[in-house]
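Here the structure is laid out as structure tokens; the discussion comes afterwards.
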Amino acid sequence: IEKYRPMENAITVMTSRGCPYGCIFCASRVMWGQNVRLRKPKSVVNEIEHIVKNYGYNAISFADDVFTIDKERTLKICDLMKKYRLNIDWECSTRTDLLTRDLLKEMKKSGCKAIFLGIESGNQETLNILNKGTTLKQAEKVVRWMSDLGIEARLSFILGCPGESMKMSIQTLEFAEKLIDLGAGSVCFSFLKPYPGTMLAEKPKDYN
């Protein structure tokens, strides 16, 4: 297992597979399917305890596409991590519409240090074309909450989306700057690529 130990002494754990959302650019559904399969909280925390005690890791990176898709399950995992007194740092990926301030508070208490969020665009029209199902206001609200609670927001954006003009691309850059001003820890940018099996690749004419 030493060969898989990254620099910051964190190890990945997967607690679910599958994503029910329909983002046209994402290949996750091709890999894992749309039906979400969730491991039970006790199974998850037992694995983390095993990793901490036997391999000396003190940080966990949850590899789920949407770790907080089931709020009650997420809360139970947080409760068990506190009950087991694991004292670890952890991070995850999810969506802005699957977070509340109360949920973030409990995640913080159990050791959550960072959350990766796919914001994708600073233009609502583009988000709608991408079938993201989120809003710019949600992104602003969640980043503020995370900043207040001391959880690092790691954000990603996509440039070159269908129908995107130079003006819309600049709006994305400006929105990223705004979220940094609101407390986001980091942002990254990618250029759109139609991965095999995505709706963008399967029906390119639908998106010009």
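The values are calculated or read from the model by the stated rules, or taken from the named source; none is laboratory data. Keep in mind that this is a model prediction, so the values were computed, not measured. Glycine gets a Cβ as well: all are built from the backbone with ideal geometry, and neighbour counts include every protein chain shown. For accessibility, only protein heavy atoms count, side chains too; no ligands or nucleic acids. Shrake-Rupley method; radii C 1.70, N 1.55, O 1.52, S 1.80 Å.
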| query | Which numbered condition trips up Gly118, out of (1) in contact with a strand residue (DSSP E or B) (Cβ under 9 Å, 6 or more places away or on another chain); (2) over 17 Å from Ala139 (Cα atoms)? | reply | (2)
| message | Can you confirm whether Ser61 is buried (at least 16 other Cβ atoms within 10 Å of the Cβ), in contact with a strand residue (DSSP E or B) (Cβ under 8 Å, 6 or more places away or on another chain) and within 17 Å of Leu38 (Cβ to Cβ)? | response | no
| Filter result for Asp65 (over 11 Å from Val13 (Cβ atoms) and part of a helix (DSSP H, G or I)) | no
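If I filter region 111-157 down to residues being of a type in the set (Asp, Glu) and farther than 30 Å from Tyr84 by Cβ, which single residue comes out as least open to solvent (accessible area, probe 1.4 Å)?
First, pick out the residues of region 111-157 that are of a type in the set (Asp, Glu): 120, 125, 140, 148, 152.
After this cut, where a residue has to be farther than 30 Å from Tyr84 by Cβ as well, the list is 120, 125, 140.
On the way: Glu120: 12, Glu125: 112, Glu140: 31 Å².
Looking at the filtered set, the residue picked out is Glu120.
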| field | Only listed residue being among the acidic types (Asp, Glu), within 25 Å of Ala10 (Cβ to Cβ) and at pLDDT 95 or above, chosen from Glu140, Glu106 | value | Glu106
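Name the residue that is most open to solvent (accessible area, probe 1.4 Å), counting only residues in region 158-197 that are in a strand (DSSP E or B) and among the small types (Gly, Ala, Ser).
Of the residues in region 158-197, the ones in a strand (DSSP E or B) are 158-159, 186-191.
Among the residues that remain, those that are also among the small types (Gly, Ala, Ser) are: 186, 190.
Numbers: Ser186: 45, Ser190: 60 Å².
Once the filter is applied, the top-ranked residue is Ser190.
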| task | Provide a single number: the residues in region 67-87 that are surrounded by fewer than 18 Cβ atoms within 10 Å (Cβ to Cβ), of a type in the set (Lys, Arg) and in contact with a Ser or Thr (Cβ under 9 Å, 6 or more places away or on another chain). | result | 2
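Taking region 100-132 as the search range and keeping residues that are outside any strand (DSSP E or B) and among the β-branched types (Val, Ile, Thr), which one is nearest to Thr198 (Cα to Cα)? Full working, then the answer.
First, pick out the residues of region 100-132 that are outside any strand (DSSP E or B): 100-111, 121-132.
Filter once more, keeping what is among the β-branched types (Val, Ile, Thr): 100, 126, 129.
Numbers: Thr100: 29, Thr126: 17, Ile129: 14 Å.
My answer is Ile129.
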| task | Please indicate, with yes or no, whether at least one residue in region 75-83 is in a loop (DSSP other than H, G, I, E, B) and modelled with pLDDT of 95 or more. | result | no
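Determine whether region 63-71 contains at least one residue that is of a type in the set (Asp, Glu) and farther than 26 Å from Glu177 by Cα.
The initial filter retains those residues of region 63-71 that are of a type in the set (Asp, Glu), namely 64-65, 70.
Next cut, farther than 26 Å from Glu177 by Cα only: 64, 70.
Checked against the condition, which is being of a type in the set (Asp, Glu) and farther than 26 Å from Glu177 by Cα, region 63-71 yields at least one hit.
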| Taking the stated definitions as given, is Ile48 open to solvent by less than 10 Å² (accessible area, probe 1.4 Å) and part of a helix (DSSP H, G or I)? | yes
